[in-house]
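Each remark here refers to the structure printed beneath this line.
The values are calculated or read from the model by the stated rules, or taken from the named source; none is laboratory data. All of these numbers come straight from a predicted model, not from anything done at the bench. Every residue, glycine as well, gets a Cβ built from its backbone with ideal geometry; the counts of neighbours run over all protein chains shown. Ligands, DNA and RNA are excluded from the accessible area calculation, which covers all protein heavy atoms including side chains. Shrake-Rupley method; radii C 1.70, N 1.55, O 1.52, S 1.80 Å.
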Amino acid sequence: MSKDNNKQREALFSPKNKKLLTNPLGRDNPINVQVLGICSVLAITVQLRTSLVMAISVVAVMGFANVIISLLRKTIPPRIRIIVQLTVIASLVILVDQVLKAYVYDVSRQLSVFVGLIITNCIIMGRLEGFALNNKPWPSFLDGIGNAAGYGWVLLAVGFFRELFGSGTLFGYQVVPDAFYRFGYENNGFMILPPMALITVGIIIWVQRHRDRSLVDIS
Amino acid sequence: MEELVNIFVRSIFIDNMVFAYFLGMCSYLAVSRTVDTSVGLGFAVIFVLGITVPINYLLESYILGRGALAWLGPEFATVDLSFLTFIMFIAIIAAMVQLVEMIIEKISPTLYNSLGIFLPLIAVNCAILGGSLFMQERNYANLAEATAFGLGSGVGWFLAIVGIAAIREKIRYSAVPAPLRGLGITFIITGLMGIAFMSFMGIEL
């Protein structure tokens with residue numbers, strides 16, 4: 001690798017930029033710590049497959065929305081910025097929705113209204129307001145991807161536990177061996193029901209805060 | 001009439017926005033620290049849902065849906081604008097919230113003072129957009145049904161947030177494990193409340 005190449009790479013992924021990408025995965029996680037965007041996390045995590053599709057959609061929408069708003073940041077009048085942001089997000093979500101309908105129609109049916117609800121996902125609005133409006137496109141892009149990935153892993157974790165214990169499958173393939181069922185093991189039908197998603201997220205938060213005491217809510 | 005009552009009750013208890021679909025969770029978690037503020041936000045949500053769902057219903061059935069433009073003339077009968085749904089719905093919601101805010105400010109300053117700060121928050125509340133999208137998906141037969149659904153969903157959301165706020169006020173005196181305090185225990189309580197609400201499942205009027 002040439003020296004020039006190295007230099008450029010360092011500039012792109014300087015320690016500060018790297019932090020933008022990795023912080024939201026742990027300490028600044030949008031779901032566990034900032035409590036944003038819970039709405040869609042819970043309803044579509046019955047299966048791992050829908051969770052994965054949703055996570056990818058959010059990564060796409062968020063990365064590009066951040067870049068677009070960041071490019072426009074000097075031309076948007078502050079008074080109407082919310083409408084501008086909503087329009088940008090809604091256009092991107094329409095694109096995602098059309099792609100999903102074209103390529104993974106069955107998942108798109110299962111996600112139903114929740115693809116549309118990416119528009120009102122508070123993480124996206126929050127990051128546009130809090131970061132993209134005052135930062136250059138590249139850091140904004142990293143910030144968007146990082147936050148969406150932080151959202152994605154929680155989604156996948158919840159989906160993993162719910163599908164494993166609820167249906168005994170992962171991605172639709174049976175994981176729990178038949179021998180277990182013969183000995184009287186039964187799928188926990190409760191995990192498929194909506195309330196268990198909340199309790200699963202509650203337990204994830206519990207574990208995370210137990211390991212990182214600085215996140216504990218003092219009030 | 002019976003059908004309307006049925007839709008209203010269904011959308012409050014069985015298809016509850018918070019416990020069955022987790023819509024509006026962000027403001028639900030952020031504003032449920034005290035009962036007073038949660039009552040304010042709850043009323044604002046009922047109000048906005050009751051207005052935006054019927055308006056979006058008209059929009060859907062006369063402009064956006066497949067063949068909805070037929071009233072313009074036979075050559076428009078095959079036009080399908082449904083891919084514009086998201087952007088139109090969110091635009092209507094944002095505009096309505098702004099309008100409602102201005103009207104309330106003029107008519108009743110006291111109501112404005114209690115609801116004021118919550119109204120802008122509502123534009124990005126998933127429960128509002130979710131209400132319109134569910135309305136579209138479930139194909140309600142007429143405007144009255146759509147309105148009943150909108151109001152019912154709002155009332156359901158109101159009940160949920162006031163309930164959790166009351167519990168959170170009391171739980172401050174309990175010995176919750178430190179890492180679970182605040183957010184964690186709220187999630188688990190919401191889950192338990194959801195289980196309670198599931199007992200309404202299957203009720204038909």
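Rounded to the nearest 500, what is chain B's calculated 222 nm mean residue ellipticity when only DSSP H runs of at least 4 contribute -39500 (n - 2.57) each, over all residues?
For chain B, the value works out to -21500 deg cm²/dmol.
Relative to the longest principal axis of chain A, what angle (0 to 90°, nearest 10) does the C-alpha long axis of helix A:48-72 take?
That works out to roughly 10 degrees.
Charges only on Cβ, +1 for Lys and Arg, -1 for Asp and Glu: so what's the dipole of chain A about the Cα centre, in debye to the nearest 20? Please list the in-between numbers first.
Numbers: 21 positive and 12 negative charges, 171 e Å.
Using Cβ point charges on Lys, Arg, Asp and Glu, chain A gives about 820 debye.
Residue B:96: accessible area at probe 1.4 Å, nearest 10 Å²?
For residue B:96, solvent-accessible area is about 40 Å².
Of A:191, A:131, A:210, which is farthest along the charge dipole of region A:28-218 in the positive direction, counting Lys and Arg as +1 and Asp and Glu as -1 at C-beta?
Looking along the dipole axis, the top candidate is A:131.
Using alpha carbons only, how many degrees (0 to 90, rounded to 10) separate the axis of helix B:126-138 from the longest principal axis of chain B?
The answer is roughly 40 degrees.
Dipole magnitude of the protein assembly as shown about its Cα centre, charges +1 at Lys/Arg Cβ and -1 at Asp/Glu Cβ only, in debye to the nearest 20? Mind dumping the intermediate values first?
Numbers: 30 positive and 25 negative charges, 370 e Å.
So the dipole magnitude of the protein assembly as shown works out to roughly 1780 debye.
Given a 1.4 Å probe and no ligands, DNA or RNA in the count, how much accessible surface is buried by A and B, both sides, to the nearest 100 Å²?
Numbers: alone 12720 and 10920 Å², together 20040 Å².
When A and B are taken together, about 3600 Å² of accessible area is lost.
Rolling a 1.4 Å sphere over the protein heavy atoms, what is the accessible area per residue of region A:28-218, to the nearest Å²?
Details: 8420 Å² over 191 residues.
About 44 Å² of surface per residue is accessible.
For the protein assembly as shown, what class follows from the C-alpha gyration tensor (a ≥ b ≥ c being the square roots of its eigenvalues): rounded when a/c is under 1.5, otherwise prolate if a/b is larger than b/c, else oblate? Mind showing how you got there, number by number?
Working: a/c = 1.28, a/b = 1.10, b/c = 1.17.
It is rounded, given that a/c, with a ≥ b ≥ c, falls under 1.5.
Ignoring ligands, DNA and RNA, what percent of the accessible area of region A:95-154 is carbon or sulfur (1.4 Å)? Can you show the working numbers first?
On the way: 1400 of 2260 Å².
Taking all protein chains in place, region A:95-154 shows 62 percent carbon and sulfur surface.
Can you give me the solvent accessible area of residue B:43 with a 1.4 Å probe, rounded to the nearest 10 Å²?
That residue has around 110 Å² of solvent-accessible surface.
If DNA, RNA and ligands are ignored and the probe is 1.4 Å, what is the ranking of A:163, B:2, B:101, A:129 by accessible area, most exposed first?
Values: A:163 5, B:2 150, B:101 35, A:129 65 Å².
The most accessible residue leads, giving B:2, A:129, B:101, A:163.
Region B:153-205 to region B:75-105: how many Å between their Cα centroids?
Centre-to-centre distance over Cα atoms comes out at 32 Å.
With r defined as the distance between the Cβ atoms of residue B:82 and residue B:5 and R0 fixed at 35 Å, what FRET efficiency is calculated, to the nearest 0.05? Before the final figure, lay out the partial values.
Working: r = 30 Å, r/R0 = 0.86.
For residue B:82 and residue B:5, the calculated efficiency is 0.70.
Could you rank the peptides A:72-84, A:174-186, A:94-106 by their average count of other C-beta atoms within 10 Å per residue, with the highest value first? Intermediate results must be reported in sequence, preceding the final value.
Numbers: A:72-84: 12.2, A:174-186: 10.1, A:94-106: 14.1.
Put in order of decreasing packing, that is A:94-106, A:72-84, A:174-186.
In percent, what relative contact order does chain B have, based on Cα pairs under 8 Å that are 6 or more apart in sequence? Could the numbers behind the result be given before it?
Numbers: 251 pairs, mean separation 85.0, N = 205.
Here the relative contact order equals 41 percent.
Which residues, if any, in region B:13-60 lose at least 50 square angstrom of accessible heavy-atom surface (probe 1.4 Å) when the other protein chains sit next to their chain rather than the chain being alone?
B:22, B:26
State to the nearest 20 debye the size of the charge dipole of region B:47-159 about its Cα centre, where the only charges are +1 on K and R beta carbons and -1 on D and E beta carbons.
In debye, rounded to 20, region B:47-159 gives about 140.
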